Amino acid sequence: MNTKKIYLITNSNPFDQQLKILKKVLPLGIEYLQYRQKSLSWEQALDEIHQLSILCNLFEVPLIINDRLDVVTITDCQGIHLGEDDLPVKYVRRIARPNLIIGATAKTPERAQLCENAGADYLGVGAFYQSSTKCNAKLISHETLKQIRASVKIPIFGIGGLTPSNITEDIYEHVDGFAVSDAILSNADPVTVVKNFKAL
Ligand SMILES: Cc1ncc(COP(=O)(O)OP(=O)(O)O)c(N)n1
Ligand SMILES: Cc1ncsc1CCOP(=O)(O)O
Ligand SMILES: [Mg+2]
């Protein structure tokens with residue numbers, strides 16, 4: 001039986017289009033929803049987060065904000081995702097409200113261990129394939145994934161251009177779930193895609 005989790009990440013498609021999809025797929029069992037938005041005004045972003053938090057609360061899906069601790073502090077969300085260029089996990093854990101979910105990007109075993117020791121709840125590891133959502137994402141090898149898996153206990157979400165048909169045995173074996181944006185949010189039949197991920 002497949003026990004892999006699905007971590008959905010918003011993209012730059014029209015927000016209303018994404019909302020329609022989210023209403024269909026969040027009830028299917030999504031582990032986390034991440035709001036990832038690099039270019040909107042504060043006003044628009046806060047409005048979108050407000051809409052997402054209502055939906056996430058309804059389906060009991062934790063809402064994670066990418067990058068921005070300031071946004072986390074003023075919105076109704078459950079977590080933050082921090083990359084290598086973002087605030088260090090150690091400091092965010094120290095000042096964050098209790099139980100805030102903290103995720104971190106790791107592309108090396110050293111960084112994976114550092115983040116785990118600093119109190120990260122999960123890791124995002126990739127990219128495995130070219131991604132249209134993050135065009136400049138650096139690819140990592142299966143060997144690096146194996147080393148990261150061996151170096152930490154916290155859950156690992158594989159990321160980067162993942163679809164139900166390109167998950168290799170190596171990826172499948174070494175991750176706890178799949179972090180996905182385009183394959184679900186840009187597909188005409190997102191419900192089938194989620195079901196296909198779950199059927200792997
Ligand atoms: C689940 C997950 N994993 C990795 C990332 C990438 O984060 P980061 O390296 O900070 O890059 P940006 O997403 O900020 O461009 C992620 N967002 N989520
Ligand atoms: C945020 C991020 N970091 C590495 S790849 C990526 C984007 C993931 O989206 P997609 O599933 O569309 O490749
Ligand atoms: Mg980031």
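Placing +1 at every Lys and Arg Cβ and -1 at every Asp and Glu Cβ, with all other atoms neutral, what dipole size does segment 5-199 have around its Cα centre, in debye to the nearest 20?
Values: 20 positive and 22 negative charges, 40 e Å.
Approximately 200 debye in magnitude.
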Subject >> Per residue, in Å², the accessible surface of the chain once ligands and nucleic acids are set aside, probe 1.4 Å >> reply: 50
Original post:
Within the accessible area of segment 5-199, what % is carbon and sulfur when the probe is 1.4 Å and the other protein chains stay in place?
Top reply: 51
**OP:** Beyond 32 Å between alpha-carbons counts as too far, so tell me which of K20/K146; K23/K146; K4/K90; K153/K195; K134/K195 fall in that bin.
**Re:** K20/K146; K23/K146
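The values are calculated or read from the model by the stated rules, or taken from the named source; none is laboratory data. Owing to the predicted nature of the structure, the values given are computational and were not obtained by experimental measurement. Virtual Cβ from ideal backbone geometry, glycine too; neighbours counted across all protein chains shown. Please note that ligands, DNA and RNA were not included when accessible areas were found on the heavy atoms of the full protein model with its side chains. Shrake-Rupley method; radii C 1.70, N 1.55, O 1.52, S 1.80 Å.
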